[in-house]
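The values are calculated or read from the model by the stated rules, or taken from the named source; none is laboratory data. The model shown is predicted, which means the values in this text are computed figures rather than measured ones. All Cβ positions, even for glycine, are placed from backbone atoms using ideal geometry, and neighbour counts span all protein chains on display. Note: areas computed on protein heavy atoms with side chains; ligands, DNA, RNA excluded. Shrake-Rupley method; radii C 1.70, N 1.55, O 1.52, S 1.80 Å.
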Amino acid sequence: YEANNYLRGTARKQHFWDWFSGATLNSRWNTTTGGASIEMNDEADGGLKLYTTSTGTNSNFTMNFDNKRQYAHDGSVCIFTVNADVQQASTTNWFLQVGMGNTVGNTGHWLSAKSAQSYLRLQTSQSESATYSADTTVSNSPDWVTAKIENKSSSCDLSLNGTVAVTNSSGLQTSTGMQPVVYGNRGTSGSAGSNPLVCKLRYFEAYNT
């Protein structure tokens, strides 16, 4: 309730969750697509499916809270169940970021999957030119994984399937306020041909600590 109805004095306790059920996407999400498509109730897996439909450079999709940043950069958590299919491309310019940020693709803390990357990563970023990544030991493959990102005052933890996978204390966001973010970009066509970049989501939760 508080995620959609602001209560005075409780901004740091707002709690959002989404199971991506039903025929339409929760109105809290703001989406943009450039050569991409969004589907609810994906027949194969259920939930939400985002995927590129164009082979053009920088075909992409994004989701955020339309810059409503009610979550603390130094005291918040997001939990999500995701399937990131970026392995079918050989170009290094395909990537997917899911987590919490101030600005999509620029400032924030994300689970990162990339086509030329062997393992899932925790990516922390103060800007596009000040980004730090820490590898987990979980393979970057199109399998379902449940991730938890915990934003603290001096570090950021990424847990995968219930176990802390990696901690990063470099490149932490300093901008006040975060929002849930999803950003997928198919940077170039190249040898990737017509293969889509795919992101599937079954659950997303965010709250302040």
**Q.** When residues of region 167-199 are limited to those that are surrounded by fewer than 23 Cβ atoms within 10 Å (Cβ to Cβ) and either aliphatic (A, V, I, L, M) or in contact with a Pro (Cβ under 9 Å, 6 or more places away or on another chain) (or both), the one modelled with the lowest pLDDT
**A.** Ala192
Q) Within the bounds of region 113-133, is there any residue that is among the hydrophobic types (A, V, I, L, M, F, W, C), open to solvent by less than 10 Å² (accessible area, probe 1.4 Å), closer than 15 Å to Phe80 by Cβ and free of Cβ contacts under 8 Å to residues at least 40 places away in the same chain? A) yes
Q.
Quick test for you: out of Val145, Val164, Val77, Val138, pick the one residue that is part of a strand (DSSP E or B), surrounded by fewer than 17 Cβ atoms within 10 Å (Cβ to Cβ) and of a type in the set (Val, Ile, Thr).
A. Val164
Q) Pick from Asn60, Asn67, Asn102: which is open to solvent by 30 Å² or more (accessible area, probe 1.4 Å), more than 19 Å from Leu160 (Cβ to Cβ) and in a strand (DSSP E or B)? A) Asn60
Q.
Any residue at all in region 39-47 that's within 20 Å of Phe204 (Cα to Cα), part of a loop (DSSP other than H, G, I, E, B) and at pLDDT 85 or above?
A. yes
